[in-house]
Amino acid sequence: MALSQSKSTKMGKSRLFRIFIIVGAVFMILLIIIYWDDVGASNFYLHTTISGPHPSRLSPQSRRDPEKKVEEDKESSFLTDIDAFVNQFLEGTADPTEQVRGEPPPGDAHNQSSEKSEEKFVPRREWKIHLMPIDPEKKQRQDSRKQLIQDVCGNKSYFDFPGKNRTFDDIPNKELDHLIVDDRHGIIYCYVPKVACTNWKRIMIVLSESLLLDGVPYQDPLDVPQELIHNSSLHFTFNKFWKRYGKFSRHLMKIKLKKYTKFLFVRDPFVRLISAYRNKFEQENEDFYKRFALVMLRKFSNYSDPPASVVDAFAAGIRPSFSNFVQYLLDPNTEKEMPFNEHWRQIYRLCHPCQINYDFVGKLETLDEDAEHLLRILRVDNVVEFPQSHRNRTVTSWEQDWFANIPLESRKELYRLYEADFKLFGYSKPEKLLHE
């Protein structure tokens, strides 16, 4: 009798243990699902405020009746003070010109003493205080650039172009290969070749710490080896999400696009074409010679048998002219064989501004000011500086000379090919080139 009672007790304990395991497993699965959807997918990053919504995306709940507003403001003030402290501790400092609620004014003695006490705990090289607010003119410049894109994209009756009205889900995965993601700082950069992308890629490598030297990440963008800057393995782009996240990839992209700071840099479309031609066909580039120059020489320069290598071609003084390059771009068969190379593909096709709401739109024409402004917005200007460029940059004033030998009809056709970039990014129509 005692033996049977002992067995039944053991069986009861065993059954309870199994039930406990099953219930625990179900609980963990639910927890993982909730965590994945709400937190894990967003890849929490340091410069994001710890609590509360992003100031530019306040929820409707923030607009409540006045009686509750006072109590909520007190609680919100407390939370934002905590956020400010955590951000200062993790990043070095928050921008004191962007004052949070409940914070003493800049001249307050308590505020000054707290800054001094915090400074003791932060390495000096990480401590950078902005005593001046961001120039209102720079803010207005950004507002105007972003508003223009919204106006062009949002007005369906105004200037249509391929892909204007499609959704983000309609964009093929292979067309998302220019969106570089830095999860450490919550940044997405759409790189455009011939628009300072080499230096911005250097910045992204340093920030993401994707390249190490003797186990230590690079700290100076100019130290990144030239031959590695454009190595795709160092840049985590949207088109790689499928391999890592599978069916969750699009969902994750949308979360990052909503929460991360997104930027791109643009340039006058015709000047960008001239720069691409100079870089790829006026210099010895074996790859571009074999892939593109040979086609141009055979089809548009009457060279039935051009030299097989770029070295031999340059030695014989043979290279495609800028006129040949334009003919190649306008030839309807060019894109039937393959899409435009990224160096002369339209910017809207690389970065999808009608599907992605960019937070910052920089221009090469105002590169130095925009780079300084952007790094401050990203709160990484205490970590990196944008490299100074001393190279011979192609400028707008050269357009007249470069297009002198291009027939007027070809100029007009070329403008129509790149008209979307002109309109989206606020570049004036080159009237002189199109009416001579």
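The values are calculated or read from the model by the stated rules, or taken from the named source; none is laboratory data. Just so you know, these numbers come straight off a predicted model, no measurement behind them. Because the Cβ atoms are built from the backbone with ideal geometry, glycine has one as well, and the counts that use them run over all protein chains shown. All accessible areas refer to the heavy atoms of the entire protein, side chains included, with ligands and DNA or RNA removed. Shrake-Rupley method; radii C 1.70, N 1.55, O 1.52, S 1.80 Å.
Observations on the structure shown:
- Hey, residue 207 over 30 Å from residue 170 (Cβ atoms), outside any loop (DSSP other than H, G, I, E, B), of a type in the set (A, V, I, L, M) and open to solvent by 10 Å² or more (accessible area, probe 1.4 Å) or not: no
- Annotation: residue 416 fulfils all but one of (1) outside any helix (DSSP H, G or I); (2) loosely packed, with under 14 Cβ neighbours inside 10 Å; the unmet one is (1).
- The single condition among (1) in contact with an Asp or Glu (Cβ under 7 Å, 6 or more places away or on another chain); (2) closer than 26 Å to residue 177 by Cβ; (3) among the polar types (S, T, N, Q) that residue 396 does not satisfy is (2).
- Restricted to region 314-334, and to residues there that are within 14 Å of residue 417 (Cβ to Cβ) and of a type in the set (Phe, Trp, Tyr), the residue that is most open to solvent (accessible area, probe 1.4 Å) is 328.
- Contacts under 6 angstrom Cβ, first residue in region 243-256 being in contact (Cβ under 8 Å) with a residue 12 or more places away in the chain, partner aliphatic (A, V, I, L, M), 6 or more apart: 252/41; 255/41
- Which numbered condition residue 284 fails, given (1) more than 26 Å from residue 367 (Cα to Cα); (2) part of a helix (DSSP H, G or I): (2)
- Sub-8 Å Cβ pairs linking a first residue in region 257-273 that is over 16 Å from residue 341 (Cα atoms) to a second residue that is open to solvent by 10 Å² or more (accessible area, probe 1.4 Å) and acidic (Asp, Glu), at least 6 apart or interchain, are 261/359; 262/359; 263/359; 267/365; 268/365; 271/399, ordered by first then second residue.
- Region 299-403 holds helices (runs of 4 or more DSSP H) entirely within its bounds, and those carrying 2 or more residues that are modelled with pLDDT of 95 or more and small (Gly, Ala, Ser) map to 310-315.
- Among the residues of region 147-180, those identified as among the polar types (S, T, N, Q) and open to solvent by 80 Å² or more (accessible area, probe 1.4 Å) are 147, 150, 157, 165.
- Test for residue 139: is it in a loop (DSSP other than H, G, I, E, B) and over 15 Å from the mean Cα position of the chain (by Cα): no
- The selection criterion, being among the aliphatic types (A, V, I, L, M) and either within 17 Å of residue 178 (Cα to Cα) or open to solvent by 50 Å² or more (accessible area, probe 1.4 Å) (or both), does not hold for residue 273.
- For region 186-239, a tally of residues being among the small types (Gly, Ala, Ser) and farther than 28 Å from residue 425 by Cβ returns 3.
- Qualifying positions in region 382-411 - within 19 Å of residue 363 (Cα to Cα) and crowded, with 18+ Cβ neighbours inside 10 Å: 386, 394, 399
- Check on residue 240, more than 23 Å from residue 203 (Cα to Cα) and of a type in the set (Lys, Arg): no
- Of all residues in region 292-313, those being open to solvent by 40 Å² or more (accessible area, probe 1.4 Å) and in contact (Cβ under 8 Å) with a residue 24 or more places away in the chain number 4.
- Among the residues of region 227-263, the one identified as among the β-branched types (Val, Ile, Thr), more than 23 Å from residue 194 (Cβ to Cβ) and not in a helix (DSSP H, G or I) is 261.
- When 236, 265 are checked against the criterion of being farther than 30 Å from residue 304 by Cβ, under 22 Å from the mean Cα position of the chain (by Cα), open to solvent by 30 Å² or more (accessible area, probe 1.4 Å) and aromatic (Phe, Trp, Tyr), 236 stands alone in meeting it.
- Residue match in region 271-278 (condition: under 30 Å from residue 377 (Cα atoms) and in contact with a helix residue (DSSP H, G or I) (Cβ under 7 Å, 6 or more places away or on another chain)): yes
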